[in-house]
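This report refers to the structure that appears directly beneath it.
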Amino acid sequence: MATQVFAHGLGEAYKRKEDARFIRGQGNYVDDVQLPGMLYGDIVRSPYGHALIKNIDISEAMKVPGVVAVITGKDLDAAGLAWMPTLSADTEAVLALDRVHYQMQEVAFVVATSRYAAADGAAAVGVDYEPLPVVVDPKKALAPDAPLLRPDKKDKQPTNQIYHWETGEREATDAAFAEAAANGVVVRQEMYIPRIHPAPIETCGCVADFHKATGKLTVWMTSQAPHAHRTLFAIVAGLPEHRIRIISPDVGGGFGNKVPIYPGYVCAVVASITTGKPVKWIEDRTENLCSTGFARDYHIKAEIASEKDGTVKALRVYTLADHGAFDAAAQPTKFPAGLFHICTGSYDFKNAFVEVDAVHTNKAPGGIAYRCSFRVTEASYLIERMMDTLAYEVGKDPAQLRFQNFIKPEAFPYRSALNWTYDSGNYEAALQLAMKNVDYEGLRREQAEKRARGELMGIGISSFTEIVGAGPGKHFDIAGIEMFDSCEIRVHPTGKALARIGVQTQGQGHETTFAQIIAAELGMSPDDIDVEHGDTDTAPYGLGTYASRSTPVAGAATAIAARKVRDKAKKIAAYLLEVGEEDLEWEPGRFYVKGSPGKGKTIQELAFAAYTNCPPYLEPGLEAVNYYDPPNLTYPFGSYICVVDIDRGTGQVHVRRFMAVDDCGTIINPMIVEGQIHGGLTQGLAPALYEELSYDEDGNVLGSNFQDYLIPTAVETPHWETDKTVTPSPHHPIGAKGIGESSTVGAPQAIVNAVVDALAHVGVRHIDIPITPWKVWSVLKEKGLTSD
Ligand code: CDP
């Protein structure tokens, strides 16, 4: 029996346990699942952005060798499954019945003995469409003469407007603007945050296996929220929940894309129930980009009222949100625009008012939180852009204006004008460190010299505040299920442990960091702790991994479950050492008698005793479970500084330096945190300079493949420089805040601010993302700055 004491806990760059299988190519993804007699599905999709379906002819498809069945909307309708609820209380067609609402919408599901036969069968399905007028512009969708895009909802929703939502104090904010218009400064800016896509390396898919004899449905699924999906399957399909098992094995990136339930999953389940065989459905890259959850697509008008010296007073924001054909936005029910109203950011606004109108268009549904906490990316982008706009207006350096308006360290916990309570922060320290690291003053001198020579160099700052770790459950839910999370720990007799958590890793390294949390609490080696997740038959119920909620919520549950284990171990130690519990001291891995350090019991000895020599007044065994409902979210933050050079001949933006100072409270594993920041920064660079999922007037998707949808590769990615400050969360058991998405949230505006800064002296105040060479060159041309 091992009796060694280890203390490899928090703060150690412990190598990722999961990488042993990943680097050997021995991960287990959904597409690796092979079952005897398995069939394959493929989806017939609409080529039109908007059309009526006059007829579907499956006769030729059924003649294709290997084709077993073709399922249409009518078949699903007969089973009451043609429509499914979305995460935003809309209903979405599983397979279109009489109308398609966007290009690539699901029309029929072909089941065959091979993936190729299924594709041949799908090509042979004849669909007779009658094209209808297409609306891809949300402003046009609100016009009085716009065609009604969702006639199925006309009783409840007579126009294309889905909702109007507002928050904050309208009158007080308007009054502050009137005062600033008379005696201070008002700045305004319109900006568009385009539709983008998370584009994980692994696309979405599942293997559905319905066992007719037992009535048990097992679904291997690319799911970021297996338990929530199990409950939704039970509600939608009317299957008993204890007979549904969702297994989310290794997931090749989620980024929010794998939170919603997609029609392909439902079709595979129906096909398995119908055929009595397992059915695999894996979408291809184009299907992923064109039909599964998009992100952003916000048209924003923002205004700041300030005093003449730039001291901010009020923020007013109007947003038009394009939700596509079905409102499938993944948001907590109470917040239709997610956490967009964190848009006062790191600054001490006394008043704010935010309005959001959401509309339907003929685009794919979604509105998912792509590596962000429910619209915080949009919020952070707008406020950081606006602070620069204000800085130029009042003639101050953007850094100086930020210092002037930051929420002060002593003001935490801080109640924002839009009713968020920030847990902790020190924004000045983060920006000071970033400025010192890049020699900000030196950069400004260099910029002035270059400007004098006609060269274009810009410095952009983003001092963002994040909001991650939903619940509390009373305010945050997904489809009605409260957003808590969980951990269950079993310590085996020989002192090794198994932990099961309610969140689901998609590459973030939970098998390592959650083991480190337990290791820190119990003084064991993380090597002695296995972490499992993603199987609803074994893991405790949890709401899943998105919006950087794993560490703030399940991480807290893990620390508390470990403390429960330690509490029981203490009782056993008191019994074995024949002292009272109050006479015991804890050091990592061991209880000893106060004043007699030699007289003690290690956690391994106590685990063995729990099964072999347990006190008669205790239950045997050493296990604990915790369901954690957080009292508040956590508010990580950071200050990023980007330096760009602009080529006057081509309009090309070159990111020369990028310094990211992040603060996620107590750090569990600095190497994993750095990896999260590097990946997130690249996913922040992407929308700033490259990515956009646009549509032409006919509703054709223009970013349907990686030739047209430009995700940055290593070639485009600059060298990231990182640093940190540490401001623990006061309410989290180990003081940790989330980090998974901070850099995706914070990076785009640092880059845009740098580009605008390079051109601010000629009056440029904004360029919409993605900042392509063409857009920059057009501005240079207009300002007479192009070179040959
Ligand atoms: O929910 P998700 O895992 O995407 O985000 P997260 O909770 O921010 O965690 C991302 C990864 O960074 C996980 O492996 C965390 O345990 C780790 N992390 C850390 O080591 N220290 C922190 N303070 C926060 C996260």
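The values are calculated or read from the model by the stated rules, or taken from the named source; none is laboratory data. Quick caveat: nothing in here was measured; it's all calculated off a predicted structure. Here the Cβ is made from the backbone with ideal geometry for all residues, glycine too, and neighbour counts use every protein chain on show. Ligands, DNA and RNA are excluded from the accessible area calculation, which covers all protein heavy atoms including side chains. Shrake-Rupley method; radii C 1.70, N 1.55, O 1.52, S 1.80 Å.
Applying a threshold of 7 Å to beta carbon distances and a minimum spacing of six or more residues, or different chains, the list of pairs starting in the range 544-572 at a residue that is farther than 29 Å from residue 745 by Cα and ending at one that is surrounded by fewer than 24 Cβ atoms within 10 Å (Cβ to Cβ) and of a type in the set (Val, Ile, Thr) reads 561/625. Scanning the range 182-197 for residues that are in contact with a strand residue (DSSP E or B) (Cβ under 9 Å, 6 or more places away or on another chain) and more than 19 Å from residue 388 (Cα to Cα) yields 194, 195, 196, 197. Of all residues in the range 609-628, none are more than 13 Å from the ligand (Cβ to nearest atom), of a type in the set (A, V, I, L, M, F, W, C) and either closer than 30 Å to residue 412 by Cα or without any contact (Cβ under 8 Å) to a residue 24 or more places away in the chain (or both). Of the residues 447, 516, the single one that is over 19 Å from the mean Cα position of the chain (by Cα) and more than 16 Å from the ligand (Cβ to nearest atom) is 447. If you go through the range 526-583 and keep only what is away from the ligand (no atom under 16 Å from the Cβ) and assigned to a loop (DSSP other than H, G, I, E, B), you end up with 536, 537, 538, 540, 541, 578, 579, 580. Filter the range 656-688 down to residues that are closer than 24 Å to residue 771 by Cβ and surrounded by fewer than 24 Cβ atoms within 10 Å (Cβ to Cβ) and give me whichever is farthest from the ligand (Cβ to nearest atom). Once the filter is applied, the top-ranked residue is 656.
As a summary of the residue check, residue 41 satisfies the conditions (1) at pLDDT 95 or above; (2) part of a loop (DSSP other than H, G, I, E, B); (3) on the phi < 0 side of the Ramachandran plot except for the one numbered (2).
Conditions (1) open to solvent by 20 Å² or more (accessible area, probe 1.4 Å); (2) over 29 Å from residue 372 (Cα atoms); (3) modelled with pLDDT of 95 or more, marked per residue:
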{"position": "515", "(1), (2), (3)": "no, no, yes"}
{"position": "518", "(1), (2), (3)": "no, no, yes"}
{"position": "530", "(1), (2), (3)": "yes, no, yes"}
{"position": "533", "(1), (2), (3)": "yes, no, yes"}
{"position": "542", "(1), (2), (3)": "no, no, yes"}
{"position": "547", "(1), (2), (3)": "no, no, no"}
{"position": "555", "(1), (2), (3)": "no, no, yes"}
{"position": "568", "(1), (2), (3)": "yes, yes, yes"}
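All of 717, 722 fail the test of being within 30 Å of residue 286 (Cβ to Cβ) and among the polar types (S, T, N, Q), apart from 717. In the range 216-231, what residues are over 8 Å from residue 246 (Cα atoms) and open to solvent by 10 Å² or more (accessible area, probe 1.4 Å)? Selection gives 216, 231. Can you tell me which residue within the range 493-513, out of those that are in a strand (DSSP E or B) and either within 12 Å of the ligand (Cβ to nearest atom) or of a type outside the set (A, V, I, L, M) (or both), is most open to solvent (accessible area, probe 1.4 Å)? The extreme case among them is 500. Return yes or no: is residue 28 farther than 30 Å from residue 361 by Cα, open to solvent by 20 Å² or more (accessible area, probe 1.4 Å) and of a type in the set (S, T, N, Q)? It is true that residue 28 is farther than 30 Å from residue 361 by Cα, open to solvent by 20 Å² or more (accessible area, probe 1.4 Å) and of a type in the set (S, T, N, Q). In the range 743-788, of all residues being hydroxyl-bearing (Ser, Thr, Tyr) and either free of Cβ contacts under 8 Å to residues at least 12 places away in the same chain or assigned to a helix (DSSP H, G or I) (or both), the one that is farthest from the ligand (Cβ to nearest atom) corresponds to 778. Taken together, 735, 740 contain a single residue that is within 16 Å of the ligand (Cβ to nearest atom), open to solvent by less than 10 Å² (accessible area, probe 1.4 Å) and in contact with a Ser or Thr (Cβ under 8 Å, 6 or more places away or on another chain), which is 735. Inclusion of residue 699 among residues that are at positive phi, surrounded by 15 or more Cβ atoms within 10 Å (Cβ to Cβ) and in contact with a Phe, Trp or Tyr (Cβ under 9 Å, 6 or more places away or on another chain) is warranted. Of the residues examined, residue 714 is one that is under 19 Å from residue 507 (Cα atoms) and either open to solvent by 70 Å² or more (accessible area, probe 1.4 Å) or more than 12 Å from the ligand (Cβ to nearest atom) (or both). Of all residues in the range 584-614, those satisfying the criterion of being of a type in the set (Gly, Ala, Ser) and either part of a loop (DSSP other than H, G, I, E, B) or surrounded by fewer than 16 Cβ atoms within 10 Å (Cβ to Cβ) (or both) are 589, 595, 596, 598. Scanning the range 744-771 for residues that are among the polar types (S, T, N, Q) and in contact with a Phe, Trp or Tyr (Cβ under 8 Å, 6 or more places away or on another chain) returns 744, 749. Residue check: residue 128 meets all listed conditions (1) without any contact (Cβ under 8 Å) to a residue 24 or more places away in the chain; (2) more than 30 Å from the chain's Cα centre (by Cα) but one, namely (1). Pairing residues of the range 660-679 that are touching a residue at least 60 places away in the same chain (Cβ under 8 Å) and over 17 Å from residue 515 (Cβ atoms) with residues that are within 7 Å of the ligand (Cβ to nearest atom) and not in a loop (DSSP other than H, G, I, E, B), at Cβ distances under 6 Å and at least 6 apart in sequence or on separate chains, gives 665/736.
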